[in-house]
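Asker: First the structure, which I've put down as structure tokens, then a few questions once you've had a look.
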Amino acid sequence: MSISKNIKWGLWILAFLLLTILSVLISLSIGELHISLTDIPRILFNGKGSMEYTVLRDIRLPRIYIGLSVGGALSIAGAILQGVYRNPLVEPYTMGISGGAALSVAFIIVTGLSLRVGAFLLPLAGFIGALATIFLVYFLSVRNGKVLTQNMVLVGVMISFIASSGMMLLMSYTTSDNIQSIVFWIMGSLDEPNSSLIALGVTMSVAGLAVSYLFIHPLNALRLGEDKARHLGINTDVAIKILFILASLLTGMCVAVAGVIGFVGLIIPQLMRLLTGSDFRILLISSFLAGGSFLVFCDTVARTIIAPNELPIGVITGIIGGLVFIVMLSRSSTKAKLS
Amino acid sequence: MAYFFEIENLSCGYDDKFHISNINIGITKGSFVGIIGPNGCGKTTLFKGITGELKLKSGKIKLNGINLKHLSHKEKARNIAIVTQDIETPYITVEDYVLMGRIPYHKSYQFFDTKDDYDIAEKYMNLTDIAHLRNKYLTQLSGGERQMVAITRALVQEPELLLLDEPTSHLDITHQIQVFNLVQQLNEQLGLTVLMIIHELNLAGEYCDQLILLNKGEIQQKGSPEEVLTYENIEKVYNTVVITKINPLSGKPSIFPVSQKTLNKMKE
């Protein structure tokens, strides 16, 4: 039986790898400039100087890198948070993180700091805003050295409300140009011109996946609840803190690189739990791959559906993700699996 | 005499509110000990103190002479397995759940369950007669089956001490006895030391070698069932009138409640 489980997991990983390759190929091929699949290798390896080469290397590939790493990182962050807090509604962005990040970015835009100091301030502000919110939520939910999970979700929701009020306050006092840049930033996009930021995103998401695999046993044991995980020999206090910091760093990175892209971290881990089961040994890698391909796919849709204009990717992830999730939930047999 | 499991001068509890104190318990290896007492007497507080969910205000808990404080989480889980009243029911199959009992033995970088892990899980699933449930999900089980599965998971930890907190509180008499019979069998065949919080006095008297009667956060009486389950003790602690009789088959004491109506009749 152990063999059949390993084979099953192997097949799932293979399937998600194929899905990832497929989404990458589609994304490389489709766009304003159509490039046929069979031409892609030739252009990439020998086509230097041609327009197709520039489109592939400088426009489509960077977006794919970001899509894979941000989608993957958000999904494992979601899987980790849902696992640790055993609440299917927890995801990086329901914890108030998007609100905090957006408020921080809005502040930088409104005060004009990004123009005076440099555009790099925006991703930095997003990162700091996301982390600051996460730790604020964390410390507001600690009583006598213990994290009260239920409180945490409520505090997160409240912080989102406060942050969005703060942002409306900022927006009501500023120019319409500034409002436009704020809105553009909040909606999120895989378009990131800074190549070192792209490299950072790819590195962090792969490293995040690797680190999360060191916490396989705590994550699996925590499915039974904190007390029972401790009874199974898990140092839950330490494990939960580290996992929380890991999920926060990954989310902060995603916000910095791509802005706020909701829903991925919520639905991808949930879908994977339905498909592959709740064992984190398979859940993490499949969430990472599926989240990445989902985001690449959504980005392809976002930039082609009303071409030459581009839809915000958050709109696509929200609509596709929400619909898929409602359909799955309405099949009552799946409800039990998620809780 | 050195005890296998020893609680010395333990006191613990919740801030300001309720706490238990002066708890001294010594358990010899291979015994089956029950903790009884009325609601709110501190049974669960004591259990949480032993399992580490509540910090001790003072006192020591020793296993084989070693203070539990000095054991790592993993070492504790390899020696002491815990079964509680409620079992979480995530969407996991029985077999995967039972295999989780091997987690204390896994290195953090060990991804796969070894053949040993599967063999041990298989052995105990057969022993507790739940092997036929292996591919069912926890959510599909009845309350009695869940307790059997939880006990199997505890056995897979291969502990020396089994701690159970009212594992039969939601079960009917058939399943209560099924669980008690199993625990007794494990106690006798595997030499497993058992410490169990028990709500049902008659089951406690029937199955345990030793009973500890708690009252208002302190030990009222400890000893054999015959010494503890006297009508004086029960009437005092439970504040109700009972009579005790000896079960003619087992020779163990049993408690019979006496209703107010019967009491009134007797007075007349």
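The values are calculated or read from the model by the stated rules, or taken from the named source; none is laboratory data. Nothing here was measured: the structure is a model prediction, and the numbers come from that model. Every residue, glycine among them, receives a Cβ derived from its backbone with ideal geometry; neighbour counts consider all protein chains shown. Side chains included, ligands, DNA and RNA excluded: accessible areas come from the protein's heavy atoms. Shrake-Rupley method; radii C 1.70, N 1.55, O 1.52, S 1.80 Å.
Asker: Show me the helices (runs of 4 or more DSSP H) entirely contained within the stretch A:131-232 in which 1 or more residues are more than 30 Å from A:Asp279 (Cα to Cα) and free of Cβ contacts under 8 Å to residues at least 40 places away in the same chain.
Answerer: Working: elements: A:149-172, A:176-187, A:195-213, A:216-222, A:226-231.
Passing ranges, in order: A:149-172, A:176-187, A:195-213.
Asker: Return yes when B:Leu133 is under 30 Å from B:Ile7 (Cα atoms) and either of a type in the set (Lys, Arg) or buried (at least 17 other Cβ atoms within 10 Å of the Cβ) (or both) and no when it is not.
Answerer: Working: under 30 Å from B:Ile7 (Cα atoms): no; either of a type in the set (Lys, Arg) or buried (at least 17 other Cβ atoms within 10 Å of the Cβ) (or both): yes.
Taking the combined requirement at face value, the residue does not satisfy it.
Asker: Say we look at the stretch B:1-47 and pick out the residues that are without any contact (Cβ under 8 Å) to a residue 60 or more places away in the chain, polar (S, T, N, Q) and part of a strand (DSSP E or B); which of these is least open to solvent (accessible area, probe 1.4 Å)?
Answerer: That would be B:Ser11.
Asker: Which pairs turn up if I take residues in the stretch A:46-70 that are under 18 Å from A:Gly188 (Cα atoms) and look for partners that are assigned to a loop (DSSP other than H, G, I, E, B) with beta carbon separation below 7 Å, at least 6 apart in sequence or on another chain?
Answerer: Filtered contacts from the stretch A:46-70: A:Arg60/A:Gly31; A:Pro62/A:Glu192; A:Arg63/A:Leu190; A:Arg63/A:Asp191; A:Ile66/A:Leu190; A:Ile66/A:Glu192; A:Gly67/A:Leu190; A:Val70/A:Ile261.
Asker: Restricting to the stretch A:46-67, and then to whatever is closer than 23 Å to A:Leu124 by Cβ and under 15 Å from the mean Cα position of the chain (by Cα), can you tell me which residue is most open to solvent (accessible area, probe 1.4 Å)? First the steps, then the outcome.
Answerer: Step one: list which residues in the stretch A:46-67 are closer than 23 Å to A:Leu124 by Cβ, which gives A:62-63, A:65-67.
In the following step, the residues that additionally are under 15 Å from the mean Cα position of the chain (by Cα) were identified as A:63, A:65-67.
Details: A:Arg63: 20, A:Tyr65: 110, A:Ile66: 2, A:Gly67: 0 Å².
Selected residue: A:Tyr65.
Asker: Exactly one of (1) more than 30 Å from A:Pro123 (Cβ to Cβ); (2) at pLDDT 85 or above; (3) away from every other protein chain (no Cβ under 14 Å) is unmet by A:Ile234. Its number?
Answerer: Of (1) more than 30 Å from A:Pro123 (Cβ to Cβ); (2) at pLDDT 85 or above; (3) away from every other protein chain (no Cβ under 14 Å), only one is false for A:Ile234: (3).
Asker: Could you pull out the residue among A:Gly259, A:Gly321, A:Gly265, A:Gly314 that is in contact (Cβ under 8 Å) with a residue 40 or more places away in the chain, more than 14 Å from every other protein chain (Cβ to nearest Cβ), under 15 Å from A:Ile76 (Cβ atoms) and not polar (S, T, N, Q)? If you could, list the steps in order and put the result at the bottom.
Answerer: On the way: A:Gly259 fails: under 15 Å from A:Ile76 (Cβ atoms); A:Gly321 fails: under 15 Å from A:Ile76 (Cβ atoms); A:Gly314 fails: under 15 Å from A:Ile76 (Cβ atoms).
Answer to the check: A:Gly265.
Asker: Let me ask something else about it. Within the stretch B:48-62, take every residue that is over 15 Å from B:His19 (Cβ atoms) and away from chain A (no Cβ under 14 Å) and give me the one that is least open to solvent (accessible area, probe 1.4 Å). Walk me through how you get there before you give the answer.
Answerer: If we filter the stretch B:48-62 for residues that are over 15 Å from B:His19 (Cβ atoms), which is where we start, we get B:51-52, B:60-62.
Add one more test, that the residue is away from chain A (no Cβ under 14 Å), and what stays is B:60-62.
Values: B:Lys60: 91, B:Ile61: 7, B:Lys62: 48 Å².
Here the residue is B:Ile61.
Asker: Now for a different question. Would you be able to tell me the number of residues in the stretch A:141-196 that are open to solvent by 60 Å² or more (accessible area, probe 1.4 Å) and polar (S, T, N, Q)?
Answerer: Within the stretch A:141-196, residues that are open to solvent by 60 Å² or more (accessible area, probe 1.4 Å) and polar (S, T, N, Q) number 10.
Asker: Looking only at the stretch A:100-123, decide whether some residue is under 30 Å from A:Glu226 (Cβ atoms) and either at pLDDT below 80 or open to solvent by less than 50 Å² (accessible area, probe 1.4 Å) (or both).
Answerer: Filtering the stretch A:100-123 for residues under 30 Å from A:Glu226 (Cβ atoms) gives A:100-101.
Subset that is either at pLDDT below 80 or open to solvent by less than 50 Å² (accessible area, probe 1.4 Å) (or both): A:100-101.
For the stretch A:100-123, residues under 30 Å from A:Glu226 (Cβ atoms) and either at pLDDT below 80 or open to solvent by less than 50 Å² (accessible area, probe 1.4 Å) (or both): present.
Asker: For the stretch A:199-216, does any single residue satisfy the condition of being under 25 Å from B:Glu158 (Cα atoms) and open to solvent by 10 Å² or more (accessible area, probe 1.4 Å)?
Answerer: At the first step, the residues of the stretch A:199-216 found to be under 25 Å from B:Glu158 (Cα atoms) are A:214-216.
Retained after the next criterion (residues that are open to solvent by 10 Å² or more (accessible area, probe 1.4 Å)): A:214-215.
Yes, the stretch A:199-216 contains a residue that is under 25 Å from B:Glu158 (Cα atoms) and open to solvent by 10 Å² or more (accessible area, probe 1.4 Å).
Asker: Now for a different question. Restricting attention to the stretch B:101-130, which residues are under 16 Å from A:Ser4 (Cα atoms), open to solvent by less than 50 Å² (accessible area, probe 1.4 Å) and facing chain A (nearest Cβ under 7 Å)?
Answerer: Selection gives B:Asp113, B:Tyr118.
Asker: With respect to A:Ala256, is the statement that it is buried (at least 23 other Cβ atoms within 10 Å of the Cβ) and either among the hydroxyl-bearing types (Ser, Thr, Tyr) or under 15 Å from the mean Cα position of the chain (by Cα) (or both) true?
Answerer: On the way: buried (at least 23 other Cβ atoms within 10 Å of the Cβ): yes; either among the hydroxyl-bearing types (Ser, Thr, Tyr) or under 15 Å from the mean Cα position of the chain (by Cα) (or both): yes.
The answer is yes for A:Ala256.
Asker: Mind counting the residues in the stretch B:136-174 that are touching a strand residue (DSSP E or B) at 6+ places or on another chain (Cβ under 6 Å), among the charged types (D, E, K, R) and either closer than 18 Å to A:Leu232 by Cα or surrounded by 23 or more Cβ atoms within 10 Å (Cβ to Cβ) (or both)?
Answerer: Total meeting the criteria: 1.
Asker: May I pose another question? Take B:Lys76 and decide whether it is closer than 20 Å to A:Leu224 by Cβ, out of contact with any helix residue (DSSP H, G or I) (no Cβ under 7 Å at 6 or more places or on another chain) and within 11 Å of another protein chain (Cβ to nearest Cβ). Break it down stepwise before answering.
Answerer: Values: closer than 20 Å to A:Leu224 by Cβ: yes; out of contact with any helix residue (DSSP H, G or I) (no Cβ under 7 Å at 6 or more places or on another chain): no; within 11 Å of another protein chain (Cβ to nearest Cβ): yes.
Spelling it out, it is not the case that B:Lys76 is closer than 20 Å to A:Leu224 by Cβ, out of contact with any helix residue (DSSP H, G or I) (no Cβ under 7 Å at 6 or more places or on another chain) and within 11 Å of another protein chain (Cβ to nearest Cβ).
Asker: OK, next. Only one residue in A:Gly129, A:Gly156 is in contact with a helix residue (DSSP H, G or I) (Cβ under 6 Å, 6 or more places away or on another chain) and under 12 Å from A:Val105 (Cβ atoms), so which one is that?
Answerer: A:Gly129
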